[in-house]
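Peer 1: This is the structure I have questions about; it appears just below.
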Amino acid sequence: MSSVAVLLFLLAGFASVLLFLLLHGYKLIHRKPEPEYQKTHAEQLAAVAAPKIYTESAFLLQKIDERRRIMDEYRHTKITDEYYELVFELQNGEMLRVSCSKTAYHDMPFRKTGILTYSGGRLMQFKTTEQVISDEYSLR
C-alpha cells in the first residue's frame, strides 16, 4: 500500500505541475517587459529647455503694429487683436524680428544703437545711452 500511496502522491504532484504550466505557462513565456520609468509632470517640464536669452548690439529699423478695429452702427470703435513687432539690424548684419508690448513699442526710439536682450522671439530689454526700455510681459 505504501508504494501505491507514493505513486498517487507523485501523480498528484505531476498533475498539479502540469495544470499550473497549462494555466500560467503562456504568461511566463510571453511576459511583457517592465515599463520604463515614467517621469513626473514636473520632471517633464524641467527637461524642456527654456528659451535661451541673447544679448546683442542692435539698431532699430522698423516698428510694425497690427490691430483689428471693430466699429458698430453708432460709430463706436474698439480695437482687438493688437500685435506689436520691432525689426532690428544686428551687429553682424542680420535682421531680427521680436514681438513686444504696446508700451515698449511706443517707448522704443528710432535711430539709436543699443544693447538688445531677447528670448524666443520676444523683447526683454533694449538699453541705449539715454534710457532702458523693458517689456513688462517678458519680465514675468
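Peer 1: Counting Lys and Arg as +1 and Asp and Glu as -1, what is the net charge of the other residues whose Cβ lies under 14 Å from the Cβ of Glu89?
Peer 2: Residues near Glu89 contribute +2 overall.
Peer 1: With all protein chains present, how much of the accessible area of the range 80-140 (probe radius 1.4 Å) comes from carbon and sulfur, to the nearest whole percent?
Peer 2: Carbon and sulfur together cover 47 percent of it.
Peer 1: Here's a follow-up. Place a point 7 Å from the Cα of Lys63 along the Cα-to-Cβ direction; which residues of the range 82-98 have their backbone N under 18 Å from it?
Peer 2: 82-89, 96-98
Peer 1: Looking at the range 62-140, which chymotrypsin sites (Phe, Trp or Tyr not before Pro) are in a loop (DSSP not H, G, I, E or B) and have at most 16 other Cβ atoms within 10 Å? Don't jump to the answer; show the numbers that get you there.
Peer 2: On the way: sites: Tyr74, Tyr83, Tyr84, Phe88, Tyr105, Phe110, Tyr118, Phe126, Tyr137; in loops: Tyr74, Phe110, Tyr137.
Counting only loop positions with at most 16 other Cβ atoms within 10 Å, the chymotrypsin sites (Phe, Trp or Tyr not before Pro) in the range 62-140 are Tyr74, Phe110, Tyr137.
Peer 1: Please give me, ordered by residue number, the trypsin sites (Lys or Arg not before Pro) of the range 71-118 that lie in loop per DSSP and have at most 12 other Cβ atoms within 10 Å.
Peer 2: Values: sites: Arg75, Lys78, Arg97, Lys102, Arg111, Lys112; in loops: Arg75, Arg111, Lys112.
Taking the range 71-118 and a limit of 12 other Cβ atoms within 10 Å, the loop trypsin sites (Lys or Arg not before Pro) found are Arg75, Arg111.
The values are calculated or read from the model by the stated rules, or taken from the named source; none is laboratory data. Keep in mind it's a predicted model, so treat the numbers as computed, not measured. When we count neighbours, we look across all protein chains shown, and the Cβ atoms used for this are built from the backbone with ideal geometry, even at glycine. Note: areas computed on protein heavy atoms with side chains; ligands, DNA, RNA excluded. Shrake-Rupley method; radii C 1.70, N 1.55, O 1.52, S 1.80 Å.
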